């Protein structure tokens, strides 16, 4: 079992997101997460999936990060799941949470840069490839930009929506903090 909750930038839990991202996403391509300037993440929404029934209390097993790009457009910056636990639903739960958080804040478009290896994963959530393959300095493997249009939810419904199916217990509607 795991729970999804907010992670505060700069906290001990946040430090664990750097370690997880480094192990899963950067070491395999001979890069380091610790060479990347992450100061922009102070203004982003960070959520983590934490294993609950383990010897290690609150083991971080996955993270997702959202940023606001203006004009009701949000961007998924990272979705990263512990290699051992991939293909077990954790990434899907994080994606559902990130989309719900963006929708609750009025998003009409959700964008992301996908590595070529994860295009199929994002397509399952309705994301569509919008451009050519490109390479990032921080991760010199092929990426493509993908986008999903979100139907607008009337404000009255957004404000009264407390049920959430992603396993977060509804927490992320109330305690995002900078």
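Kirkwood radius for segment 56-135, taken over all pairs of different Cα atoms as the inverse mean of 1/r, rounds to 13.6 Å. Summarising the label geometry, the points placed 7 Å from Cα in the beta-carbon direction at residue 116 and residue 69 lie 2.2 nm from one another.
Rule-based calculations on the coordinates, nothing more; no lab input. Remember, predicted model here, so these are calculated numbers, not experimental data. No Cβ is skipped: glycine too gets one built from the backbone with ideal geometry, and neighbour counts run over all protein chains shown.
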